[in-house]
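Since the structure comes first, as structure tokens, the remarks are kept for the end.
The values are calculated or read from the model by the stated rules, or taken from the named source; none is laboratory data. Remember, predicted model here, so these are calculated numbers, not experimental data. Counting neighbours? That spans all protein chains shown, and the Cβs are built from the backbone with ideal geometry, glycine included.
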Amino acid sequence: MTHSRGEYRALIGRLRTVLAVLRRVSAACAMSFALVLPAFVSAADGVPTLVPGTTITFEIDLPNELRDFDRSGQRTSATRAQVAVAAPVDFDPDRQWPVLLISAGSEPGANSSRRLLEHYKQAALLAGWVIVAADPSPAVAKWQDNVSLRFVLDLLAVEALHAAWTHAGTAPIAFAGLGGGARFAAVLSSMFASQHSVVIGVYQAGFDEESFRNPAMQFQVLLDDQFLRMPIYLHGGASDASPSAARLHVVQQSLEDAGFKNIRLAFADGSNPADPDALRLALNWFGSMARLVAWPNR
């Protein structure tokens, strides 16, 4: 089931209204978000604080109206978002930092974005990024694990960071996905860009299908020059001579035909595309392309 840009705008409006109310009452913020406070180092007023260099975890209740986002008429069985966040060792909440949103696929056993965050964490932190991942709780069936749910979870996660970091809402954002999560990353980039987020890159690993053009058309960003200049890093899991590599070259050509201007291909030694070093190279490229100077060069 797909949604129009207007429907997503309405969803975002409802979500931001709920979260704005929660943020206005900072003393009640932790209770309203159902945060698991032992995972945080908390300030005196009870507002959670990010721990530089460490993964922190918390939960956010999903308001009932946000559980009804799917027009199938069936409310999602997820009642909470389980969120993991890690910040660089020199993280300063008074400064701007880029945010990387991680997406795993929807296949059972490989559908935990938080687990994938741990795999990529050191590469992201060394590159100077805040890395974020969110999963539904309780776990949902594969047919319910769609991009609409991922959108709600990721937006809630970023909004919740306001309690610890006031720049979270204006931070430049990139997306990274492995396997089926790479498709989620592509679609989410269009969704966030349509809501005026500063999207500065997408990293796709282990995925060889073109997944940008249709959502960019649906969310009316395909003619946005800034979006078309967004760097896209395609990471394959084999040598440049493999069948998968040939398909990635086709993907690259399709993206260029659609108007995307900055695409890079990279290939791993062997069959495993989940290479943290490749992600670090991609993040450094995203930062340089966006001319970001708000954090140290790595």
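Regarding A139, is this residue small (G, A, S) and buried (at least 20 other Cβ atoms within 10 Å of the Cβ)? Full working, then the answer.
Details: small (G, A, S): yes; buried (at least 20 other Cβ atoms within 10 Å of the Cβ): no.
Answer is no for this residue.
The rows are residues; the columns are (1) at pLDDT 65 or above; (2) of a type in the set (F, W, Y); (3) within 23 Å of R280 (Cα to Cα).
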{"residue": "A20", "(1), (2), (3)": "no, no, no"}
{"residue": "V36", "(1), (2), (3)": "no, no, no"}
{"residue": "A44", "(1), (2), (3)": "no, no, no"}
{"residue": "E65", "(1), (2), (3)": "yes, no, no"}
{"residue": "A81", "(1), (2), (3)": "yes, no, no"}
{"residue": "S106", "(1), (2), (3)": "yes, no, no"}
{"residue": "L126", "(1), (2), (3)": "yes, no, yes"}
Any residue that is closer than 18 Å to R183 by Cα, of a type in the set (S, T, N, Q) and in contact with a Lys or Arg (Cβ under 8 Å, 6 or more places away or on another chain) - is there at least one of those in the range 134-150?
no
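For (1) surrounded by 15 or more Cβ atoms within 10 Å (Cβ to Cβ); (2) more than 17 Å from A182 (Cα to Cα); (3) modelled with pLDDT under 95; (4) over 22 Å from the mean Cα position of the chain (by Cα), each residue gets a yes or a no:
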| position | (1), (2), (3), (4) |
| --- | --- |
| L228 | yes, yes, no, no |
| I232 | yes, no, no, no |
| P243 | no, yes, yes, yes |
| A258 | yes, yes, no, yes |
| L265 | yes, no, yes, no |
Check whether at least one residue in the range 163-173 is within 19 Å of V187 (Cα to Cα), touching a residue at least 60 places away in the same chain (Cβ under 8 Å) and in contact with a helix residue (DSSP H, G or I) (Cβ under 7 Å, 6 or more places away or on another chain), and report yes or no.
yes
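Does D135 meet the test of being at pLDDT 85 or above, charged (D, E, K, R) and in contact with a strand residue (DSSP E or B) (Cβ under 9 Å, 6 or more places away or on another chain)? Spell out the reasoning first.
Numbers: at pLDDT 85 or above: yes; charged (D, E, K, R): yes; in contact with a strand residue (DSSP E or B) (Cβ under 9 Å, 6 or more places away or on another chain): yes.
Yes, satisfied.
Might you let me know whether the range 113-123 holds any residue that is farther than 21 Å from P276 by Cα, under 12 Å from the mean Cα position of the chain (by Cα) and touching a residue at least 40 places away in the same chain (Cβ under 8 Å)? Spell out how you get there, then give the answer.
Step one: filter the range 113-123 for residues farther than 21 Å from P276 by Cα, giving none.
No, the range 113-123 contains no residue that is farther than 21 Å from P276 by Cα, under 12 Å from the mean Cα position of the chain (by Cα) and touching a residue at least 40 places away in the same chain (Cβ under 8 Å).
Yes/no matrix, rows are residues, columns are (1) buried (at least 24 other Cβ atoms within 10 Å of the Cβ); (2) in a loop (DSSP other than H, G, I, E, B); (3) in contact with a Leu (Cβ under 9 Å, 6 or more places away or on another chain); (4) of a type in the set (A, V, I, L, M, F, W, C):
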residue: I102; (1), (2), (3), (4): yes, no, yes, yes
residue: G109; (1), (2), (3), (4): no, yes, no, no
residue: H119; (1), (2), (3), (4): no, no, yes, no
residue: Q122; (1), (2), (3), (4): no, no, no, no
residue: I131; (1), (2), (3), (4): yes, no, yes, yes
residue: W143; (1), (2), (3), (4): no, no, no, yes
Residue count, the range 198-224, condition crowded, with 19+ Cβ neighbours inside 10 Å and not acidic (D, E), comes to 15
Only one of (1) within 16 Å of the chain's Cα centre (by Cα); (2) farther than 27 Å from L248 by Cα is not met by A193, so which one is it?
(2)
